[in-house]
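To start, the structure under review is shown below, and the notes come after it.
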Amino acid sequence: MTPKKEQMTMKQMMSRRAVVRVPSGPASIETIDVPVVEPGPGELRVKIGAAAINPVDLGVAGGLFHQLALVDQPDYTGLGWDFAGTVEATGPGVELPGGTRVAGFIDGFDRDHGSHAEHLLVPAANVAVVPDGLDLVEAATVPLNATAAAQLVDLLGAPPNDARRLLVTGAAGAVGAYVAALAKDRSWQVTGMARAADEQFVRGLGVDFTTDLGQAWDAVADAGALQEDAFRAVREGGRFIGMQPAARLPEERGIAVEVVFARPDGALLARLLARVATGELPARVHAVAPLDEVACAYQAMAQGSIRGRIVLVP
């Protein structure tokens, strides 16, 4: 093998990945080169085409989950949950052909890899094929947020005939918007809470709108993580559903308290992506940034007041 060909082979065997070693916010993020790994049984390797930045990513980069003892990586912690890309290689038992466009998310905080990278190994059962007509940048904004919302609404189930009033906090946010739209499908009488500037968007989901918590709701889906304030808005004997990593609140006044932590589900995600592709559910992209500018993109996300996601592209 000539030196030039050997250099090309070595380059092809490496992949960039965004990580933090001593997490202290966006400035602590760096990109490193790691070897490309072959997929094992039931796994596939995705060549990342787009990866969204979520609020949970800011928490990891800022060290929040290290402080909570949820991360204990010896060298560095990988960043990123959501991804969309193409199948590059498959392990035994995986039938998806190379080049298939897929999307998904990886869960858990304690890992040295993430989706803010050029390549990613994932269980094949955790991904869904991206429908025609939906580009990878849009698809990358869907998996974590829509799956979390759908699993929350599944937990809610269908409402009793005499207790149908549901308040969704953070209804203009990525998770809250999906909760509002999906809960409406289950026959809940949904009111979305958001800032006045977001009224048109929230009403466009087909639900009512408010800027105040109000009181005596039959159920509250706390996508906005208002915690105790939102809990006080639930009527006696009602239901309160929060989302991890928010803490589980103690039960009182006969209120049933539940907490959702999103888990990958390829079949569920496939149904959600299909609805996004037809326009039934939103895909909201705020901006696109190159992976090389990951620290700047995190900083922009941390400034807040962003509707939609900043999406990284390798």
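Tabulated values for the structure
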{"read-out": "Per-selection metrics, segment 146-260 (Cα): Rg and Dmax in Å", "value": "12.4, 35"}
{"read-out": "Full-extension gain in nm, D154 to V285, via 0.36 nm per residue minus C-alpha separation", "value": "44.6 nm"}
{"read-out": "Positive-pole candidate from G242, N161, V259, dipole of segment 146-260, charges at beta carbon", "value": "N161"}
{"read-out": "Computed E for D229/E199 - FRET, C-beta separation, R0 22 angstrom, nearest 0.05", "value": "0.60"}
{"read-out": "Positive minus negative residues near L273 (Lys, Arg vs Asp, Glu; Cβ under 14 Å)", "value": "-3"}
{"read-out": "Total charge dipole magnitude, the chain, about the Cα centre, Cβ charges on Lys, Arg, Asp, Glu only, Debye to nearest 20", "value": "380 debye"}
{"read-out": "Cut-off 9 Å between beta-carbons: net charge of the residues surrounding L144, Lys and Arg +1, Asp and Glu -1", "value": "-2"}
{"read-out": "12 Å beta-carbon shell around I53, net charge (K/R +1, D/E -1)", "value": "-2"}
{"read-out": "Range of Cα positions in segment 186-314 per principal axis (Å), largest first", "value": "51, 34, 32"}
{"read-out": "Net length gained if the chain between E95 and C296 were fully extended (0.36 nm per residue, minus Cα distance)", "value": "68.5 nm"}
{"read-out": "Separation of the L70 and T210 label points, Cα + 7 Å toward Cβ, nm", "value": "2.9 nm"}
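Values quoted throughout were computed directly from the atomic coordinates according to the rules given, and no laboratory measurement underlies them. Just so you know, these numbers come straight off a predicted model, no measurement behind them. Here the Cβ is made from the backbone with ideal geometry for all residues, glycine too, and neighbour counts use every protein chain on show.
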